[in-house]
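Asker: Structure in structure tokens, see below.
The values are calculated or read from the model by the stated rules, or taken from the named source; none is laboratory data. Keep in mind that what you see is a predicted model, and the values were worked out from it rather than measured. Reconstructed Cβ throughout: ideal geometry from the backbone, glycine too, with neighbour counts over all protein chains shown. Keep in mind that these areas ignore ligands, DNA and RNA; they rest on the heavy atoms of the full protein, side chains included. Shrake-Rupley method; radii C 1.70, N 1.55, O 1.52, S 1.80 Å.
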Amino acid sequence: MNEFNIRKDLPSIKVDKELVNQLEKYIISDIPEIIGIDKQTILDNYSIEIVDSLGSGKFNSISEFPLSLFQDGTKEINFGFSVYNQSFCSVKISFSVEQYSSKIDISLKTTNPREKAQGIYNGILEHINQHKTYNFVFHKIFIGIIGGIGIGLITPIITLAVDKNYLWASLLTLASIIIIFFAYKGPKLKPYSEFSTKRQIRYNRIFSYFIWGFISYLIFGLGFGLLKDVIIK
């Protein structure tokens, strides 16, 4: 028998109990047909682990988790199975607030392992892609580029203050503070895998307030300052 492995990073997504339930059904009901093993064999080897700031809990199914929302401080959800018999089959999915820990891992040692592994991978992505977010931006782009922009505004702020252009100095100072806030608090407000928790719902409200506040500031703050300068000239 040949062996084939797929280990890929997952996109940033919103993870709720329903998504995990859909993926669990796919793993338990569809994958046995793809790899040609008994459904009960996967059920006997399947487990799910939910890790939060207090500790971790293990379940035989997401249906055993008693709450509709995950606990505040949820950091990871790991689930899947490994079967060792005449062949080897393993499917593991890990959602995490950190990008480097959000993975899908498929290992098959059976007949036509490449085609079967690719089919399983595509099936999982079909469910996951419906829940994609743009949170990856705060983990790949904001900390470097946006943070640099915020810090880079310090020089023009000092120059404007020295020239006694206090209005623009004040406006750029506020803009710099907001940009730096987004750069360094963004990953906390918008984790890579965004678990559905009461705290995350609050964070989403706070984030929306800041976004709309920043947009209003750009329009009515900087825009008004620019318009005033044009009128005066």
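Asker: Pairs of alpha-carbon atoms within less than 8 angstrom and 6+ residues apart define the contacts here; what relative contact order does the range 1-114 have, in percent?
Answerer: Relative contact order here is 36 percent.
Asker: Just grab the label-to-label distance for Leu69 and Thr133, each label 7 Å out from Cα along the Cβ direction, in nm (one decimal).
Answerer: Placing both labels 7 Å along Cα→Cβ, they lie 1.3 nm apart.
Asker: Same structure again: Hey, could you pull the Cα Rg and Dmax for the range 1-134, both in Å?
Answerer: Expressed in Å, the Cα Rg and Dmax of the range 1-134 come to 14.6, 45.
Asker: Considering only protein heavy atoms, with the full assembly of protein chains and a 1.4 angstrom probe, order Leu69, Leu10 by accessible area, largest first.
Answerer: Leu69, Leu10
Asker: Among the listed pairs Lys39/Lys103; Lys58/Lys190; Lys17/Lys190; Lys39/Lys198; Lys8/Lys198, which have their C-alpha atoms separated by more than 28 angstrom in this model?
Answerer: Correct reply: Lys39/Lys198; Lys8/Lys198.
Asker: Using a simple spin-label model with points 7 Å from Cα along the Cα→Cβ vector, what separation in nm is obtained for Arg202 and Ser29?
Answerer: According to this spin-label approximation, the distance is 3.7 nm.
Asker: Under a crude label model (7 Å from the Cα following the beta-carbon direction), how far is Asp16 from Glu49 in nanometres?
Answerer: If labels sit at Asp16 and Glu49, their model points lie 2.7 nm apart.
Asker: Which order do peptides 98-110, 29-41 fall in by mean Cβ count within 10 Å, highest first?
Answerer: 98-110, 29-41
Asker: Thinking of the range 31-82 as a set of Cα atoms, what percent of all their pairs are more than 15 Å apart?
Answerer: 52
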